[in-house]
Amino acid sequence: MKKLNLKIYLLSALLVGFYSCNSNDEPITNSADAASQFKVIDVTHHDGHPFSTGKTTSTTGKYVANPGGGVMMQAFYWDVPAGGNWWNTLSTKVTAWSNAGIGSIWLPPVSKAQNGPYSMGYDPTDYFDFGNYNQNGTVETRFGSKTELVNLITKAHTENIQVYADMVLNHNSGGQLESNPFTGTQTYTNFTGVASGKFPRTSADFYKNAYGSNDEGAFGGFPDLAHVAPNVQNWLWLRTDGVGKYYKNTMKFDGWRFDYVKGFGPWVVKDWNASVGGFSVGEYWDSNVNTLEWWANNANSSVFDFACYYKMNDAFDGNNLNLLNEDMMWKRNPYKAVTFVTNHDTDEIYNKQLAYAYILTHEGYPTIFYRDYEEWLNKAKMDNLIWIHNNKATGTTSILYADNDEYIARRNGYNGNPGLVVYINNSSTWQERWVPTNWTNAQIKDFTGNSTWIPTTQGDTWVKIQSPPNSYSVWSINM
């Protein structure tokens, strides 16, 4: 090859390499060029007010309702250490969590279950035994004593953190054997001898019984509570000394996470909420957003946004952020959507930090998993995202751009709060884009500190922003 041809070849290769690394689009040098490539999608349409859990005042002045709404902590994981010390462990955490901006904690089922000192609580025997009766081989539950539980709730309230109880209403376990006239067999459905003496149950209170053979679903072969039975309704939510009102008025729980709500009709949660009150969210494990919306509307309750969870899993781990354009519960109704990255039952998303950047800048009620926050992820980054959520993530949502490895969305602000622009970059190189903002001739900055740029938006609100590789940036007015 001649020297001249070699120079031309090298120059051509250099130019091709520059453009292929710079972007998969034509180079953009100004907002006019950028506008031709953008199709802003307004995904929510409402007055912009934040998610509310019903808590409007602070008794301590330590933590108040934030412009962006609240953040929930799932304060346990599967198989937390046994030995009755978990409530004490959490009591040492709530002050720091409150300082970080956590507004609520979700506890595991708090009552005595069949597996006694080893149970995670999802096989309930006696709803009124909080670790104060010698039953199922132990006095304390896996998590501790009733006194320690009360102390935890009191400490959380002192820090102005709400406390949600995990309610397992679909099934019971640990009953005594009895003759069942509805099945003609012996069944473990006699709960008349529970140590608390409250909510006695027999085969008449479980399917199959006088009300039918089954309801919407059974779980694990456990006796399936028949919520149509008057005795069950009375003890669960109607009686002033029943489960719901005792937990709320005596134990001082602020709300409920309802387990396995696929197993019974949404009217159960609706009637509980109408009679007992408090915040509620249901675990309806289904990726179909139509089903989630149907349940939330009919239960008059929030629901965990499994549609969002599965879309994030496919988007971040499958390197296709276009999937974040698709339908999710928070887009249908942000005031009934509780978003999450992982929980005690499922931990499939690998790229968690990007997923948390997504839920903590978007609408809905974001939940943080204990082990992600305390053990597995960078706590400083998590605290930063919590602060951003509470202080900047306001208003309706508009998606500005999405491709395989880039996603940019805008929160449009509310009640004087300017909102934000979040830029998620799932590629291995820095990325830059011109975007339309909420702000005219305003200096902005990245509140994560991942970018040191401090650009000024143009008169037409456009500005050029950037995001580091495999990371994110969150932009708002520099104030």
Tabulated pairs, segment 338-354, first at negative phi, second in a loop (DSSP other than H, G, I, E, B) and hydroxyl-bearing (S, T, Y), C-beta under 8 angstrom, 6+ apart or interchain: H344/Y77; E348/T342; I349/T342; K352/T342
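Can you tell me which of G131, G84 is part of a loop (DSSP other than H, G, I, E, B), buried (at least 19 other Cβ atoms within 10 Å of the Cβ) and either touching a Phe, Trp or Tyr at 6+ places or on another chain (Cβ under 8 Å) or modelled with pLDDT under 95 (or both)?
On the way: G84 fails: buried (at least 19 other Cβ atoms within 10 Å of the Cβ).
None of the other options fit; the residue is G131.
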Considering only segment 414-462, state which residues are of a type in the set (D, E, K, R), over 28 Å from the mean Cα position of the chain (by Cα) and crowded, with 21+ Cβ neighbours inside 10 Å. R433
Which one of these is in a helix (DSSP H, G or I), in contact with a helix residue (DSSP H, G or I) (Cβ under 9 Å, 6 or more places away or on another chain) and over 15 Å from N170 (Cβ atoms): W272, W294? W294
Check G318 against each of (1) of a type outside the set (D, E, K, R); (2) under 21 Å from D47 (Cα atoms); (3) free of Cβ contacts under 8 Å to residues at least 12 places away in the same chain and name the one condition it does not meet. (2)
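Okay, residues lined up against (1) at pLDDT 90 or above; (2) farther than 29 Å from A380 by Cα; (3) surrounded by 11 or more Cβ atoms within 10 Å (Cβ to Cβ):
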| residue | (1), (2), (3) |
| --- | --- |
| S20 | no, yes, no |
| A34 | no, yes, yes |
| V40 | yes, yes, yes |
| T44 | yes, yes, yes |
| P50 | yes, no, yes |
| N88 | yes, no, yes |
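Specify which of the listed residues (I408, I454) is among the aliphatic types (A, V, I, L, M), in a loop (DSSP other than H, G, I, E, B), within 14 Å of S473 (Cβ to Cβ) and out of contact with any helix residue (DSSP H, G or I) (no Cβ under 7 Å at 6 or more places or on another chain). First the steps, then the outcome.
On the way: I408 fails: in a loop (DSSP other than H, G, I, E, B).
Step by step, each of I408, I454 is checked, and only I454 is among the aliphatic types (A, V, I, L, M), in a loop (DSSP other than H, G, I, E, B), within 14 Å of S473 (Cβ to Cβ) and out of contact with any helix residue (DSSP H, G or I) (no Cβ under 7 Å at 6 or more places or on another chain).
Under the condition of being of a type in the set (D, E) and crowded, with 22+ Cβ neighbours inside 10 Å, which residue from segment 198-236 is nearest to E283 (Cα to Cα)? Please lay out each step first, then the result.
Residues of segment 198-236 of a type in the set (D, E): 205, 215-216, 224.
From what's left, crowded, with 22+ Cβ neighbours inside 10 Å: 205, 224.
Details: D205: 23, D224: 17 Å.
Applying the filter and picking the extreme gives D224.
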Determine whether segment 339-357 contains at least one residue that is crowded, with 23+ Cβ neighbours inside 10 Å and over 12 Å from the mean Cα position of the chain (by Cα). yes
Hey, could you check segment 90-118 for residues that are polar (S, T, N, Q) and under 20 Å from the mean Cα position of the chain (by Cα) and say which is nearest to K198 (Cα to Cα)? S104
Mind checking whether some residue in segment 300-309 is over 17 Å from G69 (Cβ atoms), surrounded by fewer than 21 Cβ atoms within 10 Å (Cβ to Cβ) and more than 16 Å from the chain's Cα centre (by Cα)? yes
Residue that is surrounded by the most Cβ atoms within 10 Å (Cβ to Cβ), among those in segment 90-103 that are of a type outside the set (S, T, Y) and part of a loop (DSSP other than H, G, I, E, B): I102
Looking at segment 458-470, I want the residues that are without any contact (Cβ under 8 Å) to a residue 40 or more places away in the chain and more than 18 Å from N441 (Cα to Cα) and have a partner that is part of a strand (DSSP E or B) and basic (K, R) with Cβ atoms under 8 Å, at least 6 apart or on another chain. Which pairs are those? none
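The values are calculated or read from the model by the stated rules, or taken from the named source; none is laboratory data. Quick caveat: nothing in here was measured; it's all calculated off a predicted structure. So basically every Cβ, Gly included, is an ideal-geometry build from the backbone, and we count neighbours across all protein chains shown.
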